[in-house]
Structure formats: C-alpha cells, structure tokens
Amino acid sequence: MYKRVRVKQALASGPETALEVRGWARTVRCGKEVAFIALNDGSCFGSLQVVAGPSLANFDEICRLGTGSAIAVRGRVVPSPAAGQAVELAAEEVRVIGPSDDSYPLQKKRHTMEYLRTIAHLRPRTNTFGAVFRVRSSLAQAIHRFFSEHGFLYVHTPIITGNDCEGAGELFRVTTLPLDKPPLVGGRVDYSADFFGQATGLTVSGQLEGELYALAFSDIYTFGPTFRAENSNTSRHAAEFWMIEPEMAFADLQDDARLAEEFFRYLCRHVLDECHDDLAFFNDHIDKGLIERVRQVADSSFAMMEYTEAIEQLKKAPISFSFPVEWGLDLQSEHERYLTEQVVKGPVFIVNYPKEIKAFYMRRNNDNRTVAAMDLLVPKVGEIIGGSQREERLDLLEARMAEAGIDPTGLWWYLDSRRWGSCPHAGFGLGFERLLMYLTGMENIRDVIPFPRTPRHAEF
Ligand code: 4AD
Ligand code: MG
C-alpha cells in the first residue's frame, strides 16, 4: 500500500516509507541508467527528487517527459546521496497524467518578472511565485487568528456600495444602464440612477460600514477586496487590492497606533516562525537583509512623529526632492522613504495631519487645523497603514462634510450613528499587498497578487 502524501510530507518521511506523490516536473534529467525528476506540488519550497531506473516499463516515456508535466509517482523513500536533500523517492511506478513539451513557457532558466507577468496563469509554478503565494495564504490566516485571539468580530462589508469613503473620486461605477442608449440629462450621461435606480460603485474601503458594526460589537475588522479607479502606473498601486480594516469603539488615536503596532509586529513574527523556507529564499535571491530587517521590526517598538515635525525634518534634509515640501501638502513616496530610511531608520507613525489633505471622517484636533490621523510608513514600501480616530461629534462631522463639499444625503445612515449612542472610535486600513511587499522584498505590487488589476493587466 502506498500512502498518498504531498511533497512536503514526503521530504519529512523516514526511509522505507511507501508513498504516492503527485505533482509537476520542474526538471527531468535522463541518462542511460537513471532518470532524475524534480517533483513539486506547491506544498513547500523544495522539490522531491524522484529517481527512476530502466527497469520501469515506461522508462523511455519518463525520459521524454517535458518540464511542467503532471505525474503520479509511487515508490519508497531512501536516503539521498545528493547534497542539499536528506531523502529522495526511489520510483516503482511513474504514471504520466498530463504531459508537457518544449513549447511550455517556463523552461529551466531565469525569467524576468516582466515576462512572468505576461503568463500570470503559469507563474504560480515557479519558485518565486510559489513562495509569494504560500506566504500570502499563511499571512491571511494569521490575520484572522490575530483578530480572533483579540476578540474582534469579522464583518463582511459590501463590495457594491453607494459611498465613496475616501472622497477621492476613485469609485468604479457599477451600472445596469444600457450602454448603447444611456439616459441623458442635459446632453450628458446620467449615472445617478445606474444600479436599478441608485448610484453605486465598487467599494474603496469598508470603513464606514465597519464603523456601524464597531458601534454595536465594540471591536470589529473587515478583510476583503477593495477597488480604486486610479490610472496610476506605480509599483505600489493596484486598481484591485485587499485591505484589512479593524475598528474599535471607545478608542482614541493612541489606542489605534498601539493596535497597529502590535498587529504589524505579530505578522512579522508569524512569517519568521511559520514561513521559514520561503523567507530564506527571498532573503537569498530577492532582498538580502530581509530576515534581519523583519526580525528587528518584530522585536522593537515603533517611532511616532507629528506631521509638523516630519515637514521640518524634510525641509532640513541635505537632499533635494522632486515634490515640494510645505506644511499643508501631502507626503510623497520620496518623502516617506527619506523619513523611514534616513531619519528614523525603521517604521514610523506620522500623526496629526492637516485636515485639508485627509478624509472627511477624521476627528478634528483642538488646534482646528489638524485631524487625529495616523499613517504608518515603513522603509522601502512607504505608507503601509492609513488610519485615524473618527469624528464622533455630529455637529463637527456635518460641518466638516459641508466644508469638504460632501453631500450628506447619501450618508444619512452614517450620520445616524452619531445621533444615537455615538462614542469615540478609531481604526485603520492595512494594504495587504503592501504588507506582502514588505515581508517578501518583492518590489512590485503586480508580483504579490495572483492576478493584478492595473491599467495594463486586467485581461484574465
Ligand atoms: O490610506 P487609505 O486610503 O485609507 C483608507 O482607505 C481608510 N478608510 C482605512 C481605514 O481607516 N479603515 O488606504 C489604506 C491602505 C494604505 O495605507 C495602503 O497600504 C493601501 O491601503 N492602499 C493601496 N494598496 C494598493 N493599491 C492601492 N491603490 C492602494 N490604496 C491604498
Ligand atoms: Mg492613505
């Protein structure tokens, strides 16, 4: 009897175990006397070396196997004489399930990330993307575990929604209007009734709905896809990304920063402890020094700097920036990098931004000029978390909306939450792909999401 296992378990098996393993051939090397197949099934970074001899009835067929072929192998685990692996599988039967040939786009050579993006349907079969997507899955589960351990309720906020939470005009419209004959008002398409009579789009953030649930369940989080119709071709922006958004009732900005720091360090610790082989690969081949950096962040507390202080630091920087530095202007990624890489040399919370450059829902500070906002900036990636204490005072919220030109009509339900049982509350959003970039050293957001939705990649 052969026990069916994954490659990961086969590599950890003792000698003389009879196993069946199924997967895809990464390489096939064949001589007269023996064939070696590196078999990978995605369960771990390493491949299992399968050794097949000419006594197998289909030895010729095995020798003709192309890279990428799907096979099932039965055999016995034996100690391996080869360096770098403790055991190999001495094949007693090799069944070819799905052959492959020379036209397979992933031949045994180094491919560029750009090329691999053009074959997003096959790239999960490479070492690099195998590692990325194992870490992605493991982190997603760690995120749910963190919040579950801390008593947070998991809320599914809507994907189709009428509100543009960030007010940045980046809502993708969802429409049921006939595209060949859209209704016109004054000669222009009237989108105001596009979803069976309501104006709707794809969510840019689950926060506003999340706040309603925090005001009932105290501590909640959402973790879902988020959409922004921005035509930006940067390595850090995608039109579809995943965001984790916790929200806590009876909490202020300091509580918010405390949660963000504990959460972030928990996730650093998680990859060090649970994704060791994949991280070692990133450390050796993608970003030397990654493991040391992640370890330091997991073990140290984060700096905090007022926005005003950040502007002063940037003004006295010995380098010149392409974008202007002025109190009242937003920080650009070159500024974020300077602050994290040259000034603080680690993660830093920038807090209390001018109200004009932040969203309408942030709580006004007593100086009347700033709001209780916090962004967590990290070296290499820049802004990774954006959060704030929310404006819980109805009159001030309404005044701020009027000032920012936001129509309160569609947000009546949000305003209701300030009418009955309002309380101080705070939360933040962590961009899941930016977290992955930070923890793997991958430099482009297109390479940490299975199917990137960016202006040039949305076909499949
Ligand atoms: O700073 P943002 O826009 O904040 C919000 O959406 C708040 N409603 C969150 C909250 O307080 N609940 O986005 C939060 C984070 C950013 O710091 C960044 O990591 C990520 O989401 N992000 C993006 N990631 C990839 N592509 C984009 N286009 C992104 N826009 C934001
Ligand atoms: Mg932000």
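Of all residues in region 324-349, those being in a helix (DSSP H, G or I), open to solvent by less than 10 Å² (accessible area, probe 1.4 Å) and of a type in the set (A, V, I, L, M) number 1.
Candidates are the residues of region 393-403 that are touching a Lys or Arg at 6+ places or on another chain (Cβ under 8 Å) and open to solvent by 10 Å² or more (accessible area, probe 1.4 Å); the one that is farthest from ligand 1 (Cβ to nearest atom) is 394.
Of the residues screened, residue 71 is not one that is in a helix (DSSP H, G or I) and open to solvent by less than 30 Å² (accessible area, probe 1.4 Å). As for region 95-105, it holds no residue that is under 30 Å from residue 261 (Cα atoms) and either without any contact (Cβ under 8 Å) to a residue 12 or more places away in the chain or surrounded by 15 or more Cβ atoms within 10 Å (Cβ to Cβ) (or both).
Suppose the filter is small (Gly, Ala, Ser) and exposed (fewer than 14 other Cβ atoms within 10 Å of the Cβ); does residue 86 pass it? Answer is yes for this residue. Scanning region 350-359 for any residue that is open to solvent by less than 10 Å² (accessible area, probe 1.4 Å), more than 12 Å from ligand 1 (Cβ to nearest atom), without any contact (Cβ under 8 Å) to a residue 60 or more places away in the chain and closer than 18 Å to residue 310 by Cα turns up at least one such residue.
For every residue, the table says whether it meets (1) closer than 21 Å to residue 33 by Cβ; (2) part of a loop (DSSP other than H, G, I, E, B); (3) among the charged types (D, E, K, R).
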| residue | (1), (2), (3) |
| --- | --- |
| 106 | no, yes, no |
| 117 | no, no, yes |
| 120 | no, yes, no |
| 124 | no, no, no |
| 129 | no, no, no |
| 133 | no, no, no |
| 137 | no, no, no |
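If you go through region 241-292 and keep only what is more than 14 Å from ligand 1 (Cβ to nearest atom), closer than 30 Å to residue 421 by Cα and part of a helix (DSSP H, G or I), you end up with 254, 258, 261, 262.
Number of residues in region 295-323 that are more than 20 Å from residue 387 (Cβ to Cβ) and either among the hydroxyl-bearing types (Ser, Thr, Tyr) or outside any helix (DSSP H, G or I) (or both) equals 9.
When region 405-428 is limited to residues that are open to solvent by less than 10 Å² (accessible area, probe 1.4 Å) and either acidic (Asp, Glu) or closer than 23 Å to residue 225 by Cα (or both), the one that is farthest from ligand 1 (Cβ to nearest atom) turns out to be 414. For residue 390, the conditions (1) open to solvent by 20 Å² or more (accessible area, probe 1.4 Å); (2) among the basic types (Lys, Arg); (3) within 16 Å of ligand 1 (Cβ to nearest atom) are fulfilled apart from (1). Among the numbered conditions (1) in contact (Cβ under 8 Å) with a residue 60 or more places away in the chain; (2) more than 30 Å from the chain's Cα centre (by Cα), the only one that residue 26 does not meet is (2).
The values are calculated or read from the model by the stated rules, or taken from the named source; none is laboratory data. This one's a predicted model, so the numbers in the text were calculated from it and none came from an experiment. A quick note on method: Cβ atoms are made from the backbone with ideal geometry, for glycine too, and the neighbour counts reach across all protein chains shown. Ligands, DNA and RNA are stripped out before the accessible areas are found, and what is left, the full protein with its side chains, is counted by its heavy atoms. Shrake-Rupley method; radii C 1.70, N 1.55, O 1.52, S 1.80 Å.
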